[in-house]
Amino acid sequence: MKVLVIGGGGREHALAWRLKQSEGVAQVFVAPGNAGTARDAQLVNLPISDKVALREWAQVQGVALTVVGPEAPLAAGVVDEFRAHGLAIFGPTQAAAQLESSKAFSKAFMQRHGIPTADYEAFTDPVQAHAYVDAKGAPIVVKADGLAAGKGVVVAMTLAEAHEAIDFMLLDNKLGVAHNAGGARVVIEEFLTGEEASFIVLCDGVNALPLATSQDHKRLLDADQGPNTGGMGAYSPAPVVTPEVHQRAMDEVVLPTLRGMAADGIPFTGFLYAGLMITPDGRVKTLEFNARMGDPETQPILMRLQSNLADVLLAATRTELDKVTLQWDPRVALGVVLAAADYPMNPRKGDVISGLPDDAADAMVFHAGTAIDAQGTVAVSGGRVLCVTALADTVAEAQKKAYAAVDGIHFDGMQYRRDIGYRAA
């Protein structure tokens with residue numbers, strides 16, 4: 001069968017890479033893909049981004065399964081478009097994707113359905129937002145309400161940082177983020193302490209099937225310093241997600257979310273990502289929802305997956321996840337993100353990438369912000385450029401293997417953390 005993956009980042013490269021290994025899959029197309037998918041003889045890049053044009057192409061080609069990677073096409077309603085024409089597609093509808101596309105929608109949903117999360121208020125008026133921050137004090141969290149490519153969250157440790165974030169997001173709206181009704185809005189939340197983990201499940205509207213646990217590193221610099229990013233690396237499994245925490249995440253967050261969305265008339269299908277804060281006493285609170293797999297968590301998770309991914313996702317489109325059991329490689333997978341010069345705010349494009357190693361069963365370089373330039377060379381085209389991912393028996397061995405591959409890769413201005421996995425090591 002033919003499979004289509006929508007997106008062009010590291011998550012989509014990993015999805016396409018794993019799907020092409022699924023028995024019964026004859027061809028995997030990636031729209032639009034990147035230099036990594038272009039260099040893979042078993043994958044075909046497709047330069048189409050419009051949802052109607054993609055749907056028409058999928059109909060003509062007889063595509064049996066479409067998988068949506070990034071948030072933007074989900075928020076634009078690509079799932080609704082495909083389903084309206086009888087095509088099997090894995091992802092949430094435009095309405096369900098509001099769990100990610102609107103922070104205010106998500107917080108109100110959690111509050112309404114008793115899902116544990118931080119206290120919050122939403123503001124469109126900067127004067128009221130500033131007054132709220134002054135009343136609450138710091139540390140405090142300021143979030144842009146809308147899709148911000150992982151850069152719309154400021155954890156303000158001082159009042160000055162909080163006020164600056166409000167002006168940046170609300171007064172100047174330099175991120176260019178708009179909420180569902182249009183215009184700029186911020187959600188201001190209480191600061192939570194503990195350890196973060198990424199809890200990702202497959203949903204078919206009724207059933208939820210958890211993926212392997214994972215944990216990412218959001219800050220740009222070692223020891224969790226510097227600005228928040230879309231993620232500088234990740235590993236799986238995550239020791240912080242103990243069996244008890246896993247059960248709480250399912251019972252207190254995931255299953256109530258599925259029931260709540262169904263009760264609200266917008267059943268959730270697709271990947272559901274719950275960003276959790278695990279408190280020192282083992283309780284969980286929901287930091288955010290994403291309506292898709294995390295990036296870079298996808299890369300180590302899929303390195304460990306041994307099941308037929310195409311069959312699993314097709315079962316999800318048929319509301320049959322209750323019949324599926326996932327098989328996992330027991331080893332640790334760890335991925336290190338290589339980012340462009342001046343990432344995260346103004347990533348520089350065009351730098352030539354050299355030293356890319358050959359693919360291996362236990363070491364893969366997943367491409368994200370890459371393109372093939374006019375000279376036929378691989379060059380930087382985005383902020384997070386590559387995710388160098390390795391499998392090994394221990395965290396320390398996976399670190400050693402991943403960083404050995406990193407050492408051979410070069411592009412001008414390359415940034416990366418040297419401590420990915422330190423919490424688990």
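The values are calculated or read from the model by the stated rules, or taken from the named source; none is laboratory data. All figures in this text were calculated on a predicted structure; none of them were measured in a lab. Note: ideal-geometry Cβ built from the backbone for every residue, glycine included; neighbour counts use all protein chains shown. For accessibility, only protein heavy atoms count, side chains too; no ligands or nucleic acids. Shrake-Rupley method; radii C 1.70, N 1.55, O 1.52, S 1.80 Å.
Among residues of region 120-133 that are closer than 12 Å to E189 by Cβ, those with a beta-carbon under 7 Å from a residue that is surrounded by fewer than 18 Cβ atoms within 10 Å (Cβ to Cβ) and of a type outside the set (S, T, Y) at least six positions away or on a different chain give the pairs Y132/E121; V133/L159.
Only one of the numbered conditions (1) in contact (Cβ under 8 Å) with a residue 40 or more places away in the chain; (2) open to solvent by 10 Å² or more (accessible area, probe 1.4 Å); (3) not in a helix (DSSP H, G or I); (4) not small (G, A, S) is violated by M293, and that is (2).
Among what's in region 147-178 and is at positive phi and out of contact with any Gly (no Cβ under 7 Å at 6 or more places or on another chain), pick the residue that is modelled with the lowest pLDDT.
Of region 147-178, the ones at positive phi are 149-150, 173, 176.
With out of contact with any Gly (no Cβ under 7 Å at 6 or more places or on another chain) added as a condition, the list becomes 173, 176.
On the way: N173: 62, G176: 57.
Out of the qualifying residues, it is G176.
Considering region 124-146, the residues that are small (G, A, S) and modelled with pLDDT of 85 or more include one that is nearest to L287 (Cα to Cα), namely A144.
Is there a residue in region 227-248 that is over 30 Å from L321 (Cβ atoms), in contact with a strand residue (DSSP E or B) (Cβ under 7 Å, 6 or more places away or on another chain) and open to solvent by 40 Å² or more (accessible area, probe 1.4 Å)? Within region 227-248, one or more residues are over 30 Å from L321 (Cβ atoms), in contact with a strand residue (DSSP E or B) (Cβ under 7 Å, 6 or more places away or on another chain) and open to solvent by 40 Å² or more (accessible area, probe 1.4 Å).
Report, by residue number, each residue of region 396-425 that is closer than 21 Å to Q225 by Cβ and either open to solvent by 10 Å² or more (accessible area, probe 1.4 Å) or of a type in the set (D, E) (or both). Working first, answer last.
The first filter runs over region 396-425 and keeps only residues closer than 21 Å to Q225 by Cβ, leaving 399, 402-403, 406, 413-425.
Selection gives Q399, Y403, G413, M414, Q415, Y416, R418, D419, Y422, R423, A424, A425.
Scan the strands (runs of 3 or more DSSP E) fully inside region 156-271 and keep the ones with 1 or more residues being hydroxyl-bearing (S, T, Y). Write out each step before concluding.
Details: elements: 186-190, 195-204, 208-210, 219-221, 225-228, 233-236.
Result: 195-204, 233-236.
Between a first residue in region 4-16 that is at negative phi and a second residue that is buried (at least 24 other Cβ atoms within 10 Å of the Cβ) and among the acidic types (D, E), which pairs have beta carbons less than 8 Å apart while being 6 or more apart in sequence or on different chains? Between residues of region 4-16 that are at negative phi and residues that are buried (at least 24 other Cβ atoms within 10 Å of the Cβ) and among the acidic types (D, E), the close pairs are V5/E12; I6/E12; G9/D295; G10/D295; R11/D295. T93 falls short on exactly one of the conditions (1) closer than 21 Å to N290 by Cα; (2) surrounded by fewer than 19 Cβ atoms within 10 Å (Cβ to Cβ), and that condition is (2).
Yes or no, residue by residue, for (1) over 28 Å from C203 (Cα atoms); (2) touching a Leu at 6+ places or on another chain (Cβ under 9 Å); (3) touching a residue at least 24 places away in the same chain (Cβ under 8 Å):
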| position | (1), (2), (3) |
| --- | --- |
| A310 | no, yes, yes |
| P330 | no, no, no |
| P347 | yes, no, yes |
| I353 | yes, yes, yes |
| L356 | yes, yes, yes |
| V385 | yes, yes, yes |
| A398 | yes, yes, yes |
